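S.K.: Shown below is the structure under consideration.
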Amino acid sequence: MNTFWWLFLLVIVASAAYLLGLRRVRSRPRPENNITLQHLQLGSEIARQVSTVLMLQELLPHVVHLIQQRFGFYFVGVWLVDEAEEGSQALTLQVGSCPPGVEPPPQGTRYTFESGSVLGQVCTRGVCFPLEDVRSAKEYPHLPELSEALSALFLPLRMGDEVIGVLDIQHDTRHTFTPVEIMLLQGLADQVAVAIRNAQLYEAEQQRRKLAESLQKIGGELASSLDMRQVPQQILEQLAAVVPYERGSVMLQRDHELEIIAQRGFPDNRRALNLRVAIREDDVFQQMVQANRPIWVDDVTQASGWQQLDWLPLNRSWMGVPLITKNRVIGMISLTRKEAAAFSEEDAALVLTFAGQAAIALENASLYDEITRFNAELEKAYHNLARLDQAKADFIEVAAHELRTPLTVIKGYTQVLASRPGVVDDPDSQILLKSVMDGVNRLHEIINSMLDVSKIDNQTLSMHIEPTWLHMVVRRVAGELKEALQERNLTLTVEDLQELPWIQADSELLYKVFYHLVVNAIKYTPDGGHITIRGSKVLGDDNVPAVQISVHDTGIGIDPAHHELIFEKFYQTGKVSVHSSGRTKFKGGGPGLGLAIASGIVRAHNGRIWAESPGHDEENLPGSTFYVQLPIKPVAERYALSGVDEKAQKGHSILET
Ligand code: ADP
């Protein structure tokens with residue numbers, strides 16, 4: 001090979017060696033080379049990462065790794081400020097990145113601000129701290145994993161005036177960071193700080209949303225449960241998903257005590273349940289009621305006057321959260337944790353939100369409980385009343401029957417006596433006997449009413465349905481009461497009844513209805529008044545054609561509060577003590593059966609009866625009107641009674657509708 005070729009080969013080898021060498025030099029970390037461009041590129045890359053990766057755990061490793069790799073640093077780590085015990089602050093290593101083969105210090109490594117390390121100083125002063133020779137710097141935080149480190153730069157992660165952490169950059173060569181380099185790396189650190197804060201905000205927002213969702217879910221679940229035996233326990237179970245605690249109880253205030261109605265985490269179930277704790281003046285419950293917000297004790301062993309049940313293991317942190325409904329504290333949720341200062345302001349806010357739902361659920365459940373109990377009592381009372389009512393109906397029936405027999409005898413003998421010679425011509429005897437007869441007739445009438453009402457009660461009233469013309473029925477009543485009307489100087493007008501259609505009804509029973517109504521109109525209208533009976537054809541309930549009769553008087557009227565009650569048997573509006581007897585005497589009270597009978601008969605005809613009156617006024621006499629509405633079609637036809645034939649229809653029992 002000639003010299004030229006040797007030379008050529010030498011040039012090739014030299015060029016290759018140069019190129020390879022250059023590559024090696026390039027691949028060796030040289031932070032001072034091209035640093036501006038690298039920074040700018042990295043800055044934009046971090047910005048891109050931040051917009052795509054928002055979760056802190058994902059973001060930090062990415063960013064740290066990027067910086068470490070791009071610049072070939074020996075170590076890049078991020079420390080974040082957090083609360084240490086007793087309110088002091090500390091820095092915790094969140095993430096660190098080293099070249100391949102070097103294990104970074106473990107995540108969670110901590111330095112308190114007081115330890116004198118440079119990390120704390122960066123945070124408190126908010127300025128960067130370069131160390132050219134870490135081995136001779138006593139404030140350098142030595143970490144055994146970073147034994148090769150020779151120089152370092154600690155940059156504050158700033159958010160406005162606040163320092164949220166430190167960007168820790170270390171070299172395995174002695175390196176003097178130029179002001180430009182520091183400025184550019186600080187710019188990078190600022191970007192990292194913004195990214196961290198955004199991620200923290202995003203995470204907090206996510207957490208809040210999750211919490212709101214779970215609170216809503218819990219609220220829904222609690223609200224749907226109405227069982228007082230389960231709700232308090234559910235409250236404690238679900239609360240554990242919101243705020244961790246070791247022992248919890250739901251307590252309700254009962255006078256001067258708090259009763260534990262549910263517990264979780266207690267060593268002895270039986271001893272805890274239904275346990276009552278006396279409320280003492282100025283104890284934590286009272287303080288909580290006064291503050292109307294949660295209160296907590298960081299260490300109960302340090303709290304003066306703290307009382308603890310001796311069979312309960314000592315938990316140092318305690319929190320009480322009020323259960324408030326309708327602006328009233330009804331009890332509290334009491335939570336404890338083993339370690340001291342375990343509850344935070346945030347926990348208190350969470351439990352308070354939860355307690356709002358819990359209190360509503362408790363209130364609903366206890367109301368439901370009360371209603372259920374009340375219903376059971378009501379049902380019992382109703383059965384008792386029904387039994388008593390039946391006993392009363394039975395008594396009335398028996399009494400009426402028992403009275404009727406001797407009365408018939410008295411009536412018969414009085415008639416016989418009146419026609420006997422010597423008596424028939426003796427005016428005095430006749431007057432006496434007439435009084436006896438009047439009394440007997442009145443008694444008879446009352447006994448008949450008693451029998452009617454007991455038949456209605458026992459649903460044994462016989463009905464004889466036949467074509468009935470109400471005009472005739474009312475005329476019979478008017479005829480019967482003609483004398484009484486005259487006696488009391490009352491006028492009775494009957495209007496428009498002749499035009500009324502015939503209806504299918506029991507005319508005898510309807511006679512009783514109008515008899516009682518007109519007798520009442522006479523009784524409760526002062527002498528000289530007017531009674532008007534009118535009839536019309538109307539559409540009744542369900543648009544059924546019906547006839548409507550009204551009995552209007554110019555009497556004392558009825559208080560609207562009594563309009564329905566007067567149809568109950570024995571109901572009278574006035575005082576029984578001022579009761580004056582007499583069939584048609586003004587305000588002469590009867591036994592209180594007339595309207596009950598009328599109502600029973602009308603209902604048996606599937607009709608309606610009601611009263612209207614502006615009120616009771618014995619001076620101004622507002623008057624009353626009683627309405628009776630009766631369907632034109634017969635009852636039996638409308639209520640196709642099984643097995644009702646022509647004959648049976650003539651005397652079937654009432655079916656209450
Ligand atoms: P009573 O035998 O007492 O008349 P009723 O059942 O017939 O019993 O009536 C019940 C109560 O309704 C009466 O005590 C009376 O207070 C009131 N009442 C009934 N009809 C009238 C009326 N036309 N005007 C005023 N009050 C009436």
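S.K.: Quick one: which residue in Leu312, Leu350 is surrounded by 16 or more Cβ atoms within 10 Å (Cβ to Cβ) and either closer than 30 Å to Ser88 by Cα or not charged (D, E, K, R) (or both)?
M.R.: When all the criteria are applied, what remains is Leu350.
S.K.: If I filter region 533-559 down to residues being more than 12 Å from the ligand (Cβ to nearest atom) and polar (S, T, N, Q), which single residue comes out as nearest to Gln629 (Cα to Cα)?
M.R.: Filtering region 533-559 for residues that are more than 12 Å from the ligand (Cβ to nearest atom) and polar (S, T, N, Q), the one nearest to Gln629 (Cα to Cα) comes out as Gln548.
S.K.: State all residues of region 514-552 that are charged (D, E, K, R) and within 51 Å of the chain's Cα centre (by Cα); if no residue qualifies, say none.
M.R.: Lys537, Asp541, Asp542
S.K.: Do we have Pro631 as modelled with pLDDT of 80 or more and more than 12 Å from the ligand (Cβ to nearest atom) here?
M.R.: It is true that Pro631 is modelled with pLDDT of 80 or more and more than 12 Å from the ligand (Cβ to nearest atom).
S.K.: State the number of residues belonging to region 514-532 that are surrounded by fewer than 17 Cβ atoms within 10 Å (Cβ to Cβ) and either within 13 Å of Val628 (Cβ to Cβ) or within 12 Å of the ligand (Cβ to nearest atom) (or both). Please lay out each step first, then the result.
M.R.: Narrowing region 514-532 to residues surrounded by fewer than 17 Cβ atoms within 10 Å (Cβ to Cβ): 526-528, 530.
Right, trim to either within 13 Å of Val628 (Cβ to Cβ) or within 12 Å of the ligand (Cβ to nearest atom) (or both) and you get 526.
Residues that pass the stated criteria total 1.
S.K.: Next up: Given the conditions (1) within 22 Å of Ala598 (Cβ to Cβ); (2) modelled with pLDDT of 90 or more, and given that Lys455 satisfies all but one, which numbered condition is not satisfied?
M.R.: (2)
S.K.: Might you let me know whether region 138-146 holds any residue that is farther than 24 Å from Gln41 by Cβ, charged (D, E, K, R) and modelled with pLDDT of 90 or more? Before you say what the answer is, go through the steps one by one.
M.R.: The first filter runs over region 138-146 and keeps only residues farther than 24 Å from Gln41 by Cβ, leaving 138-146.
After this cut, where a residue has to be charged (D, E, K, R) as well, the list is 138-139, 145.
Remaining after also requiring modelled with pLDDT of 90 or more: 145.
The answer is yes, given that some residue of region 138-146 is farther than 24 Å from Gln41 by Cβ, charged (D, E, K, R) and modelled with pLDDT of 90 or more.
S.K.: Any idea which of Gly615, Gly607 is on the phi > 0 side of the Ramachandran plot, modelled with pLDDT of 90 or more and of a type in the set (Gly, Ala, Ser)?
M.R.: On the way: Gly607 fails: on the phi > 0 side of the Ramachandran plot.
One residue alone meets the criteria, Gly615.
Residues are listed down the side, and each one gets a yes or a no for (1) surrounded by 11 or more Cβ atoms within 10 Å (Cβ to Cβ); (2) at pLDDT below 85; (3) within 19 Å of Pro144 (Cβ to Cβ):
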site	(1), (2), (3)
Gln57	yes, yes, no
Glu85	no, yes, no
Gln89	yes, yes, no
Gly101	no, no, yes
Gly120	yes, no, no
Phe129	yes, no, no
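S.K.: Given the conditions (1) at pLDDT below 85; (2) closer than 19 Å to Glu246 by Cβ; (3) not acidic (Asp, Glu), and given that Ser304 satisfies all but one, which numbered condition is not satisfied?
M.R.: (2)
S.K.: Let me ask you something else. Need pairs with beta-carbon distance below 7 Å; first residue among the basic types (Lys, Arg) and within region 531-552, second more than 16 Å from the ligand (Cβ to nearest atom) and not in a strand (DSSP E or B); sequence gap 6+ or separate chains.
M.R.: Arg534/Asp496; Lys537/Leu500; Lys537/Pro501
S.K.: Search region 126-145 for residues that are among the hydroxyl-bearing types (Ser, Thr, Tyr) and pair each with any residue that is part of a helix (DSSP H, G or I) when their beta-carbon atoms are under 8 Å apart and the residues are at least 6 apart or on different chains.
M.R.: Pairs that qualify, where the first residue is among the hydroxyl-bearing types (Ser, Thr, Tyr) and the partner is part of a helix (DSSP H, G or I), are Tyr140/Val118; Tyr140/Val134.
S.K.: Inside region 470-481, can you point out the residues that are surrounded by 19 or more Cβ atoms within 10 Å (Cβ to Cβ) and touching a Ser or Thr at 6+ places or on another chain (Cβ under 8 Å)?
M.R.: Within region 470-481, Val473, Leu481 qualify.
S.K.: For region 468-501, which residues satisfy the criterion of being of a type in the set (Val, Ile, Thr) and in contact with a Lys or Arg (Cβ under 8 Å, 6 or more places away or on another chain)?
M.R.: Selection gives Val494 alone.
S.K.: So which residues in region 173-185 are surrounded by fewer than 18 Cβ atoms within 10 Å (Cβ to Cβ) and within 14 Å of Val122 (Cβ to Cβ), if there are any at all?
M.R.: Ile182
S.K.: Counting only residues that are out of contact with any strand residue (DSSP E or B) (no Cβ under 7 Å at 6 or more places or on another chain) and within 19 Å of Ala241 (Cα to Cα), how many does region 357-367 have?
M.R.: Number of matching residues: 2.
S.K.: Taking into account only those residues within region 151-172 that are free of Cβ contacts under 8 Å to residues at least 40 places away in the same chain and outside any strand (DSSP E or B), which is surrounded by the most Cβ atoms within 10 Å (Cβ to Cβ)?
M.R.: Checking each candidate, the answer is Gly160.
S.K.: Looking at region 482-494, is at least one residue among the basic types (Lys, Arg), surrounded by 15 or more Cβ atoms within 10 Å (Cβ to Cβ), out of contact with any Gly (no Cβ under 6 Å at 6 or more places or on another chain) and not in a helix (DSSP H, G or I)?
M.R.: yes
S.K.: Oh, and also: Of (1) free of Cβ contacts under 8 Å to residues at least 60 places away in the same chain; (2) surrounded by fewer than 20 Cβ atoms within 10 Å (Cβ to Cβ), Gln253 satisfies all except one. Which?
M.R.: Only one criterion in (1) free of Cβ contacts under 8 Å to residues at least 60 places away in the same chain; (2) surrounded by fewer than 20 Cβ atoms within 10 Å (Cβ to Cβ) is unmet by Gln253, namely (1).
S.K.: Check Glu377 against each of (1) at pLDDT 90 or above; (2) touching a helix residue (DSSP H, G or I) at 6+ places or on another chain (Cβ under 9 Å); (3) exposed (fewer than 13 other Cβ atoms within 10 Å of the Cβ) and name the one condition it does not meet.
M.R.: (2)
S.K.: Separate question: How many residues, within region 591-609, are within 8 Å of the ligand (Cβ to nearest atom), crowded, with 22+ Cβ neighbours inside 10 Å and not aliphatic (A, V, I, L, M)?
M.R.: Of the residues in that region, 1 qualify.
The values are calculated or read from the model by the stated rules, or taken from the named source; none is laboratory data. Source: prediction; values computed, not measured. FYI the Cβ positions are ideal-geometry reconstructions off the backbone, even for glycines, and counts take in every protein chain you see.
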